[in-house]
Amino acid sequence: MKKLKTAIIGYGRSGRNIHTNLQKQLPELFEIAAYIDGDEQRREMIKREMNVPVFPEYTALFGHNEIDLVVNSSFSHNHAPISRDLLKHGFNVLCEKPAAKDDREFQTVLDTAAETDNKFFVFQQYRFAPGFIKIQEIIASGVLGRVVAINIVNDGFERRWDWQTVHEDNAGVLLNKGPHYLDWALALMQFPQNIEVFACFDRANYAGNGEDYVKLILRSPGAPAADLQFSACNAFPSQTFLIHGTQGTLYGSETSLKWKYFKPLEAPPLKLEPGTLRNEKGEPIYCREKLEFYEDSWTMDSGSLAPQQFEFNAKGLTYYRALHASLTAGAEFPIKNEQVMLQMKVFGSAHAQNTRLFC
């Protein structure tokens, strides 16, 4: 099995804590051959912790044909330009989210990948989260009936003052948290091409001008409605799914789910009776029936690991294994760039509706 040599740009929360961590757990598939970081202190950390070559500029990679993949975990506003430059110089690229600020910028990256015939991937590892995979299985089983609406909430209370609070740096909660949960919503909507977007932003606890409250409502003909909320001003933290179906409901989190449903064949027929409903005495009555509901549940088996660490590993390692199979064996990669493009269109529409916040 071919081992891929990688270079990682950035040794921060993504480059060090996520991509380095995951690749080190797959030594039979990946070998980290170089790092890039413009911060001198971080370069010294890399030398101590990793003992591989480290450079201050990503351009130092140019001409290193032994590098099979470059992980672009630079600052968000640099994702698109650096990805384009790497593709032009012959590299396959795995880019952290958000891959661009909107659909127009993202298209320039995809055009460059097509022109150079190099591979471009976006790190949407949440698609492989065990909880989300289970939700898809439950919906596919048909027990919930037709999905009517999807609610996804990721709330907490936090005050923040780093670069990821600055709109000009492609930051704010929508581009920071949004790519993961929006990917879930769009997948459950079956990635419709025509999406109507309503977006409401606010800024409560961020030091910069980026939004820290987002309400998104998505609609598309023939697809379930999607309601997403990300808030930094909810002191009662909530990270939940709520799936509304014609036969039942699913509720839960990434690690624990429960669902409740009835079986249509066991229910009396639903027949319209126009006019006033009344009993034998002529007294007015209300629509009432007794449906037998069935309940089921699922809890992620994290083994000896803490649930959060297991879930982090499960989705990240699955992503990296699929990436390796795509680059070495030509396997079809499950996350399509045209699916990511739908996210970018939503981002662009949402930001255009809330330009006043960034003035």
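The values are calculated or read from the model by the stated rules, or taken from the named source; none is laboratory data. All of these numbers come straight from a predicted model, not from anything done at the bench. Reconstructed Cβ throughout: ideal geometry from the backbone, glycine too, with neighbour counts over all protein chains shown. Protein only, heavy atoms only, side chains kept; ligands, DNA and RNA dropped before computing areas. Shrake-Rupley method; radii C 1.70, N 1.55, O 1.52, S 1.80 Å.
Of these, Ser302, Ser297, which one is in contact (Cβ under 8 Å) with a residue 40 or more places away in the chain and touching a Gly at 6+ places or on another chain (Cβ under 9 Å)?
Ser297
Quick check on my filter: what residues within the stretch 178-229 are in contact with a Gly (Cβ under 6 Å, 6 or more places away or on another chain) and not small (Gly, Ala, Ser)? Explain how you work it out, then say what you get.
In the first step, residues of the stretch 178-229 are kept if they are in contact with a Gly (Cβ under 6 Å, 6 or more places away or on another chain); the result is 210-211.
The one that is in contact with a Gly (Cβ under 6 Å, 6 or more places away or on another chain) and not small (Gly, Ala, Ser): Glu211.
Being open to solvent by 40 Å² or more (accessible area, probe 1.4 Å) and within 23 Å of the chain's Cα centre (by Cα) is the requirement here; does Asn72 meet it?
Taking the combined requirement at face value, the residue does not satisfy it.
Take Ala33 and decide whether it is open to solvent by 10 Å² or more (accessible area, probe 1.4 Å) and modelled with pLDDT of 95 or more.
Details: open to solvent by 10 Å² or more (accessible area, probe 1.4 Å): yes; modelled with pLDDT of 95 or more: yes.
Judged against the criteria, Ala33 is a match.
Take Thr108 and decide whether it is at pLDDT 95 or above and either out of contact with any helix residue (DSSP H, G or I) (no Cβ under 7 Å at 6 or more places or on another chain) or farther than 19 Å from Gln343 by Cα (or both).
Working: at pLDDT 95 or above: yes; either out of contact with any helix residue (DSSP H, G or I) (no Cβ under 7 Å at 6 or more places or on another chain) or farther than 19 Å from Gln343 by Cα (or both): no.
For Thr108, the condition - at pLDDT 95 or above and either out of contact with any helix residue (DSSP H, G or I) (no Cβ under 7 Å at 6 or more places or on another chain) or farther than 19 Å from Gln343 by Cα (or both) - is not met.
For Glu211, only one of the following conditions fails: (1) touching a residue at least 40 places away in the same chain (Cβ under 8 Å); (2) in contact with a strand residue (DSSP E or B) (Cβ under 6 Å, 6 or more places away or on another chain); (3) under 24 Å from Val143 (Cα atoms). What is its number?
It is condition (3) that Glu211 fails.
Yes or no: Leu277 aliphatic (A, V, I, L, M) and closer than 30 Å to Gly131 by Cβ? First the steps, then the outcome.
Working: aliphatic (A, V, I, L, M): yes; closer than 30 Å to Gly131 by Cβ: no.
No, not satisfied.
From the list Ala352, Ala322, Ala329, pick out the single residue that is small (Gly, Ala, Ser) and either crowded, with 17+ Cβ neighbours inside 10 Å or touching a Lys or Arg at 6+ places or on another chain (Cβ under 8 Å) (or both).
Ala322
Out of the residues in the stretch 157-181 that are open to solvent by less than 40 Å² (accessible area, probe 1.4 Å) and in a loop (DSSP other than H, G, I, E, B), which is farthest from Gly131 (Cα to Cα)? Steps first, please.
Residues of the stretch 157-181 open to solvent by less than 40 Å² (accessible area, probe 1.4 Å): 164-165, 169-176, 178-181.
If we keep only those that are in a loop (DSSP other than H, G, I, E, B) too, we end up with 170-172.
Values: Asn170: 28, Ala171: 27, Gly172: 26 Å.
Only one residue fits best here, namely Asn170.
List the number of the failed condition for Thr112; all other conditions in (1) within 28 Å of Ser74 (Cα to Cα); (2) open to solvent by 30 Å² or more (accessible area, probe 1.4 Å); (3) without any contact (Cβ under 8 Å) to a residue 40 or more places away in the chain; (4) not small (Gly, Ala, Ser) hold.
It fails just one condition, (2).
Please indicate, with yes or no, whether at least one residue in the stretch 269-277 is of a type in the set (A, V, I, L, M, F, W, C), within 24 Å of the chain's Cα centre (by Cα) and over 24 Å from Val153 (Cβ atoms).
No, because not a single residue in the stretch 269-277 is of a type in the set (A, V, I, L, M, F, W, C), within 24 Å of the chain's Cα centre (by Cα) and over 24 Å from Val153 (Cβ atoms).
Among the residues of the stretch 269-318 satisfying the criterion of being among the small types (Gly, Ala, Ser) and at pLDDT 90 or above, which is nearest to Gln23 (Cα to Cα)?
Gly316
Does any residue in the stretch 69-80 that is β-branched (Val, Ile, Thr) come within less than 7 Å, Cβ to Cβ, of a residue that is in a helix (DSSP H, G or I) and crowded, with 24+ Cβ neighbours inside 10 Å six or more places away or on a different chain, and which pairs are these?
Close Cβ pairs satisfying both conditions: Val70/Leu86; Val71/His19.
Please pick out the residue among Asn170, Asn118, Asn205 that is polar (S, T, N, Q), farther than 17 Å from Cys233 by Cα and more than 19 Å from the chain's Cα centre (by Cα). Give the derivation first.
Details: Asn170 fails: more than 19 Å from the chain's Cα centre (by Cα); Asn205 fails: farther than 17 Å from Cys233 by Cα.
None of the others qualify; the one that does is Asn118.
Quick one: in the stretch 292-319, of everything that is open to solvent by less than 90 Å² (accessible area, probe 1.4 Å) and touching a strand residue (DSSP E or B) at 6+ places or on another chain (Cβ under 8 Å), which residue is nearest to Cys95 (Cα to Cα)?
Met300
Being farther than 19 Å from Asp183 by Cα and under 24 Å from the mean Cα position of the chain (by Cα) is the filter; apply it to the stretch 87-108 and report the residue that is most open to solvent (accessible area, probe 1.4 Å).
Only one residue fits best here, namely Thr108.
Looking at the stretch 117-138 only, could you name the residues that are out of contact with any helix residue (DSSP H, G or I) (no Cβ under 7 Å at 6 or more places or on another chain), open to solvent by 30 Å² or more (accessible area, probe 1.4 Å) and in a helix (DSSP H, G or I)?
Ile133, Lys134, Gln136, Glu137
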